[in-house]
Amino acid sequence: MSTLAHVFEAEGLATIALGSMRDAIEHTAPPRGLFCDFPLGRPLGVPGDAEFQHEVLAAAFGLLEATEPVFAQYPISIEEDASEVIACSLPPRHDPDAHPAIDEARGLRNAYDRGAVQTGNRNGAGRVVSADDIPDAIEAFVRVAEGTPWKEAGIPGIPARVSQDIRGYYETAALAMVDHVPSAWAGTRWFLEKTETGKIILGARAAMRESGAKHALWFYITPGDR
């Protein structure tokens, strides 16, 4: 993004880059950079807090007054609670003939639909796999976790991107079932540690790694720290 910023600036278009990692934004040196010490994935700081977000944007737009390259830091920091895991009930089994992960995903559909309305579906399914097709995508990962080569399992796209849609589906459903804004990665921890589908995704990732699949194909199925 910083490289693109320089390209745009060379054509006379002013740019501002916001970054949540100080080293990254300092080393890439955009023409106008604002370091915001916020959790990754929350570039404007506080979800649902329009006033706070407008203040961040105002600070960013204030950099347009600079006539030389400038790097600034937003004065408020937000720390991530690395221990929080969303606490919300998962649906009971409905179809005993379905794999538990698939049955679970189907049971979360109403919650997902509510969450998609609340959030504008900004982080839900749909980049590669629609909400309607999430159960089929999970079934493909079930096959991988159980030993089917990933190329033969029917994953409907690049594994990491499909996995991201599945995780987005779950996290959007979770947001509809809690009464507060959780910490930035609480939903991801809940998905990977508490849900049947999270177990399948981790199992499929391990199976792909052990099968000798290219690092980029299996590593990004989950966040890198997993």
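Just so you know, all these numbers are worked out from the coordinates, no wet-lab data involved. All of these numbers come straight from a predicted model, not from anything done at the bench. Cβ sites come from the backbone with ideal geometry, for glycine too, and all protein chains shown count toward neighbours.
Structure data summary
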{"quantity": "Euclidean distance between Cα centres, segment 80-149 to segment 151-226, Å", "calculated": "10"}
{"quantity": "Those lysines that a straight Cα-Cα span of less than 22 Å connects to Lys214, excepting residues fewer than 8 apart in one chain", "calculated": "Lys151, Lys199"}
{"quantity": "HN-Hα J in Hz across segment 88-93 - Karplus 6.51, -1.76, 1.60, θ = phi - 60°, x for Gly and Pro", "calculated": "8, 6, 8, x, x, 4"}
{"quantity": "For segment 1-134: relative contact order, % (alpha-carbon pairs under 8 angstrom, 6 or more apart)", "calculated": "17"}
{"quantity": "For Ile76, net neighbour charge (Lys/Arg +1, Asp/Glu -1) across residues whose Cβ lies under 10 Å away", "calculated": "-2"}
{"quantity": "Surrounding net charge for Thr67, when Lys and Arg each add one and Asp and Glu each subtract one, Cβ distance under 13 Å", "calculated": "-2"}
{"quantity": "Relative contact order [Cα under 8 Å, 6+ residues apart], the chain, whole percent", "calculated": "18"}
{"quantity": "Sorted by Cβ neighbour density within 10 Å, fewest at the top, the residues Lys194, Lys214", "calculated": "Lys214, Lys194"}
{"quantity": "Derived scalar couplings ³J(HN,Hα) [segment 133-138; Karplus, 6.51 cos²θ - 1.76 cosθ + 1.60; whole Hz; x for Gly, Pro]", "calculated": "9, 4, x, 5, 5, 5"}
{"quantity": "Estimated vicinal HN-Hα couplings, Hz - segment 176-181 in sequence order (Karplus 6.51, -1.76, 1.60; Gly, Pro = x)", "calculated": "7, 10, 10, 9, 8, 8"}
{"quantity": "Sequence-distant residues sharing a close amide H with Gln73 (under 5 Å, placed H)", "calculated": "Phe35"}
{"quantity": "Highest to lowest packing among 6-12, 42-48, 27-33, 169-175, scored as the average C-beta count within 10 Å", "calculated": "169-175, 27-33, 42-48, 6-12"}
{"quantity": "Which of His54, His180 has the fewest Cβ neighbours within 10 Å, and the rest in rising order", "calculated": "His180, His54"}
{"quantity": "For the chain, size of Cβ-based charge dipole, Lys and Arg +1, Asp and Glu -1, in debye", "calculated": "600"}
